[in-house]
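The values are calculated or read from the model by the stated rules, or taken from the named source; none is laboratory data. For clarity, every value in this text was computed on a predicted model and none was experimentally measured. FYI the Cβ positions are ideal-geometry reconstructions off the backbone, even for glycines, and counts take in every protein chain you see. Quick note on the areas: whole protein, heavy atoms, side chains included, nothing else; ligands and nucleic acids left out. Shrake-Rupley method; radii C 1.70, N 1.55, O 1.52, S 1.80 Å.
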Amino acid sequence: VPSAPVNAGTPSVVCPGNGLVFKASGGSNNIWYLTESVANALSTATTLTVSSTENSGTEPLKLTRWVSQKINECESPRPPIDVSIPPVLYASAGQSTTLSTSSFYDTKAFVTARGGTPPYRFQWSSSNNVPIHSPSDANPTFGPLTTPGFIKMTVTDQANCVAKDSIYISLEVPQPVK
């Protein structure tokens with residue numbers, strides 16, 4: 001009986017929405033299965049590709065495929081290869097709004113990231129060079145605002161999954177004094 005293939009580079013974690021390639025030792029002799037005991041093979045290729053992974057739940061999802069190899073009509077045991085798919089990571093820079101000139105945009109009133117695999121890393125920026133107080137914090141303050149522009153954010157979680165969001169800040173047009 002041939003020895004069972006082993007994981008040969010399949011990632012342990014894949015971000016939702018990304019493809020995945022299961023890889024195992026055994027090369028052209030690999031046989032891929034959906035379960036440990038099913039009779040019908042998914043593929044007899046060197047690798048097995050999953051075009052897109054999804055997880056709309058709140059907990060990590062485990063995706064498992066079993067692989068064996070066949071040599072001289074003898075098939076090896078089928079070890080599992082597991083991949084974790086974390087929940088979808090969401091980012092929120094707030095809502096586009098109109099503010100008065102020289103005012104501040106404060107993100108403390110809302111949750112800027114959820115889902116994914118905490119802890120999160122934040123990076124905030126603006127299109128109009130507005131001062132950002134603590135740009136790597138979850139809830140920075142922008143201002144004083146002197147020109148309209150975009151507020152942009154990128155959130156990266158512990159699994160290196162990334163989510164982005166942006167909003168547009170308009171400024172009120174001062175009314176002439178009558």
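Name the residues in segment 24-41 that are closer than 30 Å to L89 by Cβ and either in contact (Cβ under 8 Å) with a residue 60 or more places away in the chain or crowded, with 17+ Cβ neighbours inside 10 Å (or both), would you?
Narrowing segment 24-41 to residues closer than 30 Å to L89 by Cβ: 24, 32, 34-35.
Across segment 24-41, the qualifying residues are A24, W32.
Given the conditions (1) in contact with a Ser or Thr (Cβ under 7 Å, 6 or more places away or on another chain); (2) buried (at least 17 other Cβ atoms within 10 Å of the Cβ), report the number of the one that D165 does not fulfil.
With (1) in contact with a Ser or Thr (Cβ under 7 Å, 6 or more places away or on another chain); (2) buried (at least 17 other Cβ atoms within 10 Å of the Cβ) applied to D165, the lone miss is (2).
Yes/no matrix, rows are residues, columns are (1) aromatic (F, W, Y); (2) part of a strand (DSSP E or B):
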| residue | (1), (2) |
| --- | --- |
| P11 | no, no |
| C15 | no, no |
| F22 | yes, yes |
| V38 | no, no |
| A45 | no, no |
| L48 | no, yes |
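Is it the case that I132 is over 30 Å from S170 (Cβ atoms) and among the β-branched types (V, I, T)?
On the way: over 30 Å from S170 (Cβ atoms): no; among the β-branched types (V, I, T): yes.
Taking the combined requirement at face value, the residue does not satisfy it.
For Q175, which of the numbered conditions (1) over 30 Å from A39 (Cα atoms); (2) open to solvent by 50 Å² or more (accessible area, probe 1.4 Å); (3) within 24 Å of the chain's Cα centre (by Cα) fails to hold?
Among (1) over 30 Å from A39 (Cα atoms); (2) open to solvent by 50 Å² or more (accessible area, probe 1.4 Å); (3) within 24 Å of the chain's Cα centre (by Cα), the lone unmet condition for Q175 is (3).
Confirm whether V83 is modelled with pLDDT of 95 or more, open to solvent by less than 60 Å² (accessible area, probe 1.4 Å) and over 30 Å from P118 (Cα atoms). Steps first, please.
Values: modelled with pLDDT of 95 or more: yes; open to solvent by less than 60 Å² (accessible area, probe 1.4 Å): yes; over 30 Å from P118 (Cα atoms): no.
It is false that V83 is modelled with pLDDT of 95 or more, open to solvent by less than 60 Å² (accessible area, probe 1.4 Å) and over 30 Å from P118 (Cα atoms).
Yes/no per residue for (1) open to solvent by less than 40 Å² (accessible area, probe 1.4 Å); (2) out of contact with any strand residue (DSSP E or B) (no Cβ under 6 Å at 6 or more places or on another chain); (3) aromatic (F, W, Y):
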| position | (1), (2), (3) |
| --- | --- |
| S92 | yes, no, no |
| V111 | no, yes, no |
| W124 | yes, no, yes |
| S127 | no, no, no |
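Looking only at segment 52-64, decide whether some residue is surrounded by 14 or more Cβ atoms within 10 Å (Cβ to Cβ), without any contact (Cβ under 8 Å) to a residue 60 or more places away in the chain and touching a helix residue (DSSP H, G or I) at 6+ places or on another chain (Cβ under 6 Å).
No, segment 52-64 has no match at all.
Given the structure, is P5 closer than 30 Å to P140 by Cβ, crowded, with 19+ Cβ neighbours inside 10 Å and of a type outside the set (S, T, N, Q)? I'd like the intermediate steps shown before the answer.
Values: closer than 30 Å to P140 by Cβ: no; crowded, with 19+ Cβ neighbours inside 10 Å: yes; of a type outside the set (S, T, N, Q): yes.
The answer is no for P5.
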